[in-house]
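A.B. asks: Dropping the structure in here first, questions after.
The values are calculated or read from the model by the stated rules, or taken from the named source; none is laboratory data. If you're wondering where the values come from, they're calculated on a predicted model, not measured in any experiment. We place every Cβ from the backbone using ideal geometry, glycine too, and count neighbours over all the protein chains shown.
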Amino acid sequence: MYLSNIKLWNFRKFGTDEEFEIAKPNLNLNLTEGVNVIIGENDSGKTSIIDAIKLVLRTHSYEYIRVDDKDFFNNTNRFRIQLKFEGLSPEEAKNFTEWLGWHKIGEKVEPFLNLVYDVKRNGKKILPVDVKAGVNDDSYLLTAEAKEYLKVTYLKPLRDAENDLIAKRNSRLSQILLGDDGFKGEESDHELLQIFSGLKSNLESYFNEVNEEGQAKVGKQIKDKIDGYVKDFYGNDYETEFEASSNNIKNILEKLTLSLKGEANPGLGTLNRLFMAAELLHLNKSNWTGLRLGLVEELEAHLHPQAQMQVIETLQKLDKIQLILTTHSPSLASKLKLENLIVCNNANAFPMGTTYTKLGEENYKFLEKFLDTTKANLFFAKGVILVEGWAEEILIPSIANAVGINLTEKGISIVNIGHVGFDHYAKIYLRQTEPNMKVPVAVITDCDVKEYEKKLRLDNNGKPVKNDKGKNQYEFVKIDVQKITQQEIIKINKKSESNVKYFPAPNWTLEYSIFKSTTFGTVFQDVVKEVHKGTEWTIDFEKTLAEKLINKGLKKTEIAYQIAHVIDEDVKAGFQKIKISNTTNDTINYIINAIKYVAGN
């Protein structure tokens, strides 16, 4: 069985001040059977989803969990959590017979289990309530026995793995081991009891041992000193006894510590992985007919990127265990299959599976290969700018600063995809059905209509037409660059959809648009001449620039770096060279419009 859906009404960030309607949950999130990784910026609702599940199901480690005023959205007086479980085997279903519902999946009729936790408050008083189960409004209280089959394993953020693995009363390690078949049912005659029984005898001997001359050895000397005080306190008939309490298997397991062999002083990262390994033993125990669900917050806690990769690769291979994880790590996000991701954004959560996005099969294949760590930061941004190459990535932050927008403060990511295949990334944000994602995505692209490019005149058969100037000399058609550019811009703009907006360059490329710019044109020419000192620019700068662009001889990255430096220094100096306020009809305005769009200006 697995948790297939969670619905929330007025729970923390997921709520509305409108009238409470059962038919309109504020979150309706489907989950997959295996690994589900919830990602998104800070305060986007990741932890709220985890806490809602814990509040209903409770945990195997018996954390103290209670409803608090902060669980109610704003000033509302009611919240509701509904969990749905599917995929129940007959052995699992028998634990919930009186609460099951049935639905048709394909040609089969299969059971499901709905849990409802509906909490109300009257002023400051939160009214007591318990978890109910059933179909629709026909819900009944779950028994304590049924609840035991629904508990989850939970690893909190910044977990103290060392404290959970050392010997102590009610240690998490002892709870995990007690739940394993190797210890169940053998509480009174387990082999460990015999081992500790021998230890008890040895301890008694050590603290009562004398040498051949009848003199007390070290252990007895210590005991005799304590006994002296005890006789003074109680009377001469009293003495102490050292023993190792081992009357049951629970006491013995509470004395165990788990460590990594060969690691004398393991660090937090090593202990964290060790702790997760122990918890997986608990989730994978045999002969268990209850829920196998693990909740892990901030999986990357104390783990360097390579260790994160190892852990997530292992988790994705697990069978019959459902995991719901949260992370802030682009490294983890880039390693996961896109179908396993859930993006939290604007008080909603969006699964990235094939049935939800407008990504096609080829898009998923492409992203699985090319969605690396540097691009995965798009999942954690409040706004995204997609660009073709390094020149745009270098220049855009400086241009943004020049118009008074700090992209870092705004939480905006610039994602350099390294080519023009924007659809692969833009469609991540497009949904097949509502609700739609609200992250503003700006695609900055060249229109790619070349200046000075010649086009051969073709005859009716599609062959080049020769002229009369000699062998292999052909006639050329003059291209109306302006007309074709406008047609291309209209074509590109039509790709804009929902929160994804395209911003094409009005002149061929980024560099050509900067050259044509009244704001940056002079700076551009100065920088280009400095970078390409060996080129003759004085005769016809524009034509020479076009030739270099056509022949791919322009040092775009170096030029972008130099221009960005000039802009940054000019901003500091109070705009001595660049009059950024006069950009309304400037050829560089498409970049400024894109920046303002993602920044919400």
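Residue-by-condition table, conditions (1) within 19 Å of Leu57 (Cα to Cα); (2) among the hydrophobic types (A, V, I, L, M, F, W, C); (3) assigned to a strand (DSSP E or B); (4) in the same structural domain as Lys7 (by TED's automatic domain parsing):
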| site | (1), (2), (3), (4) |
| --- | --- |
| Thr76 | no, no, no, yes |
| Ile81 | yes, yes, yes, yes |
| Lys84 | yes, no, yes, yes |
| Glu92 | yes, no, no, yes |
| Phe96 | yes, yes, no, yes |
| Leu113 | yes, yes, yes, yes |
| Arg121 | no, no, yes, yes |
| Pro128 | yes, no, no, yes |
| Ala133 | yes, yes, yes, yes |
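A.B. asks: Another one. Inside segment 73-90, can you point out the residues that are touching a Gly at 6+ places or on another chain (Cβ under 8 Å) and aromatic (Phe, Trp, Tyr)?
C.D. replies: Passing the criteria: Phe73, Phe79.
A.B. asks: Right, another one. When segment 98-111 is examined, which residues are found to be assigned to a strand (DSSP E or B) and either crowded, with 17+ Cβ neighbours inside 10 Å or of a type in the set (Val, Ile, Thr) (or both)?
C.D. replies: Ile105, Val109, Pro111
A.B. asks: Just a yes or no: is a residue in segment 252-272 touching a Lys or Arg at 6+ places or on another chain (Cβ under 7 Å) and farther than 30 Å from Met1 by Cβ?
C.D. replies: Yes, that holds for at least one residue.
A.B. asks: Is it the case that some residue within segment 347-364 is over 19 Å from Val311 (Cα atoms), of a type in the set (D, E, K, R) and outside any loop (DSSP other than H, G, I, E, B)?
C.D. replies: Yes, segment 347-364 contains a residue that is over 19 Å from Val311 (Cα atoms), of a type in the set (D, E, K, R) and outside any loop (DSSP other than H, G, I, E, B).
A.B. asks: While we're here: Of everything in segment 294-319, what is modelled with pLDDT under 90, in contact with a Lys or Arg (Cβ under 8 Å, 6 or more places away or on another chain) and of a type outside the set (S, T, N, Q)? Give them in sequence order.
C.D. replies: Hits for segment 294-319 are Ala301, Leu303, Ala307, Met309, Val311, Ile312, Glu313.
A.B. asks: So Tyr238 ticks every box in (1) in contact with a Ser or Thr (Cβ under 8 Å, 6 or more places away or on another chain); (2) modelled with pLDDT of 85 or more; (3) not in a helix (DSSP H, G or I) but one. Which box is left unticked?
C.D. replies: (1)
A.B. asks: Okay, next question. Return the total of residues in segment 369-392 being buried (at least 19 other Cβ atoms within 10 Å of the Cβ) and assigned to a helix (DSSP H, G or I).
C.D. replies: Total meeting the criteria: 7.
A.B. asks: For Glu98, state whether it is over 16 Å from Lys151 (Cα atoms) and modelled with pLDDT under 95.
C.D. replies: So Glu98 fits the description; yes.
A.B. asks: Related question: Among the residues of segment 254-266, what is the count of those that are exposed (fewer than 11 other Cβ atoms within 10 Å of the Cβ) and under 29 Å from the mean Cα position of the chain (by Cα)?
C.D. replies: 0
A.B. asks: For segment 69-92, name all the residues that are closer than 16 Å to Ser4 by Cβ and either among the β-branched types (Val, Ile, Thr) or free of Cβ contacts under 8 Å to residues at least 24 places away in the same chain (or both).
C.D. replies: Ile81
A.B. asks: Being among the β-branched types (Val, Ile, Thr) and closer than 18 Å to Arg121 by Cα is the filter here; which residues of segment 27-86 pass it?
C.D. replies: Within segment 27-86, Val56, Ile65, Val67, Thr76, Ile81 meet the criteria.
A.B. asks: Go through segment 180-220 residue by residue and tally those that are in contact with a helix residue (DSSP H, G or I) (Cβ under 9 Å, 6 or more places away or on another chain) and assigned to a helix (DSSP H, G or I).
C.D. replies: Number satisfying all stated conditions: 10.
A.B. asks: How about segment 3-24: which of its residues are under 27 Å from Thr354 (Cβ atoms), crowded, with 20+ Cβ neighbours inside 10 Å and not charged (D, E, K, R)?
C.D. replies: Selection gives Leu3, Ile6, Leu8, Phe14.
A.B. asks: Any idea which of (1) farther than 23 Å from Lys151 by Cβ; (2) surrounded by 12 or more Cβ atoms within 10 Å (Cβ to Cβ); (3) hydroxyl-bearing (Ser, Thr, Tyr) is the one Tyr234 doesn't satisfy?
C.D. replies: (2)
A.B. asks: Examine segment 564-576 for a residue that is of a type in the set (D, E, K, R), at pLDDT 90 or above and either outside the structural domain of Ala426 (by TED's automatic domain parsing) or surrounded by 14 or more Cβ atoms within 10 Å (Cβ to Cβ) (or both), and state whether such a residue exists.
C.D. replies: yes
A.B. asks: Continuing with this model, one more query. Taking Val296 as meeting all but one of (1) surrounded by fewer than 16 Cβ atoms within 10 Å (Cβ to Cβ); (2) under 12 Å from Asn36 (Cα atoms); (3) not aromatic (Phe, Trp, Tyr), write down the number of the exception.
C.D. replies: Unmet for Val296, out of (1) surrounded by fewer than 16 Cβ atoms within 10 Å (Cβ to Cβ); (2) under 12 Å from Asn36 (Cα atoms); (3) not aromatic (Phe, Trp, Tyr): (1).
A.B. asks: Within segment 313-330, how many residues are assigned to a helix (DSSP H, G or I) and over 12 Å from the mean Cα position of the chain (by Cα)?
C.D. replies: Summing the residues that are assigned to a helix (DSSP H, G or I) and over 12 Å from the mean Cα position of the chain (by Cα) in segment 313-330 gives 4.
A.B. asks: From the list Asn251, Asn208, Asn284, which one is within 30 Å of Ser89 (Cα to Cα), surrounded by 13 or more Cβ atoms within 10 Å (Cβ to Cβ) and among the polar types (S, T, N, Q)?
C.D. replies: Just a single option satisfies the conditions, and that option is Asn284.
A.B. asks: Suppose the filter is at pLDDT 95 or above and under 19 Å from Val119 (Cβ atoms); does Leu31 pass it?
C.D. replies: Answer is no for this residue.
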